[in-house]
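Q: Got a structure for you, written out below as structure tokens; questions coming shortly.
The values are calculated or read from the model by the stated rules, or taken from the named source; none is laboratory data. As the structure is a computational prediction, the values presented were derived from the model and not from experiment. Cβ atoms come from the backbone with ideal geometry, glycine included; neighbour counts cover every protein chain shown. With ligands, DNA and RNA removed, areas are computed over all heavy atoms of the protein, side chains included. Shrake-Rupley method; radii C 1.70, N 1.55, O 1.52, S 1.80 Å.
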Amino acid sequence: MKIVALRTHVLRHQLEDRFQSAFSTFTDRWACLVEVECDDGTIGWGECLGPSTANAAVVQAMAPLVVGRDPLEIEPIWLELYNQFRDQGQRGLTITAISGIDIALWDIAGKHFGVPVHVLLGGAFRKQIPAYATGGFRPVGRDRRAALEEETAGYIAEGFAATKIKIGFGVEEDAEVIAAVRAAIGPEAALM
């Protein structure tokens, strides 16, 4: 099996309802997906964290080092990409671009061997992992307290035992919102 193509797909969605974290206002959401195709038709998918168009450019710069390789050589491919690009940065875009390719290669390996990736990595340490709902951003143009009470109570009603909210908007505002959310989700739910 050989890699015959490496493609990137930059997805973008304009948000109807903008929101904020402590450092940014989000007007749209972006994602950079990495598609690795093999000569037997197997396709693996990965995703790069961070700025999508920049990640797509770095992934494409890495493509000549990946195409033609055996996709099951996951570690050698990772090390070659890292070594070839480390002078451009040992974190940030270099690593996020490699991670998208790496995830796609693990996807291919799982499909090739017909097992979940956790089996390829040596087995599962647990059978269940508690999940939490993430969100809790500061909505633009809406009352933050009321919006977060509704949002986080909805997560608990859906069966989550914990929820995450964003803070960093000032001690007074954060304390008020934390207290309101705590009241909305009840004392048993975890607030992160």
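Q: Provide GLU149, GLU172 ordered by accessible surface of protein heavy atoms (probe 1.4 Å), highest first.
A: Reading off the accessible areas and sorting them downward yields GLU172, GLU149.
Q: Quick one: go through region 123-148 and flag any residue whose amide nitrogen is under 14 Å from the point 7 Å out along the Cα-to-Cβ line of ALA179.
A: Within reach of a label on ALA179: 145.
Q: Ranked highest first by average number of other Cβ atoms within 10 Å, how do 20-31, 63-74, 179-190 line up?
A: 63-74, 179-190, 20-31
Q: Moving to a separate point now. What value, in deg cm²/dmol to 500, does the helix sum -39500 (n - 2.57) over DSSP H runs of n ≥ 4 give at 222 nm once divided by the residues of the chain?
A: -12500 deg cm²/dmol
Q: Cross-chain or 8 or more residues apart, Cα under 30 Å: how many lysine pairs in the chain fit that? Count them up, please.
A: 4
Q: Taking the Cα atoms of the chain alone, what are Rg (to one decimal) and Dmax (as a whole number) in Å?
A: Just the Cα atoms of the chain yield Rg and Dmax of 20.7, 59 Å.
Q: With bins 5 Å wide starting at 0, give me the P(r) of region 1-96 over every alpha carbon pair, in whole percents.
A: 2, 12, 20, 21, 17, 11, 7, 6, 3, 0
Q: Just grab the label-to-label distance for ASP70 and MET192, each label 7 Å out from Cα along the Cβ direction, in nm (one decimal).
A: Label at ASP70, label at MET192, 3.8 nm between them.
Q: Same structure, new question: Among ALA183, LEU11, PRO71, whose Cα projects farthest towards the positive end of the dipole of the chain, with charges put on the beta-carbon of Lys, Arg (+1) and Asp, Glu (-1)?
A: The residue sitting most towards the positive pole is ALA183.
Q: Report, in whole Å, the centroid distance computed from the Cα atoms of region 1-73 and region 141-192.
A: 32
Q: State the extension gain, in nm to one decimal, for the chain segment bounded by HIS13 and GLU35, taking 0.36 nm per residue of separation less the distance between their alpha-carbons.
A: 5.9 nm
Q: Now a separate question. Is there a quick way to get the dipole size of region 82-192? I mean about its Cα centre, with the Cβ of Lys and Arg at +1 and of Asp and Glu at -1; what is the value in debye to the nearest 20?
A: For this selection, approximately 400 debye.
Q: Only Lys, Arg, Asp and Glu count, each charged at its Cβ (+1, +1, -1, -1), so figure out the dipole size of region 1-93 about its Cα centre, rounded to 20 debye.
A: It works out to roughly 360 debye.
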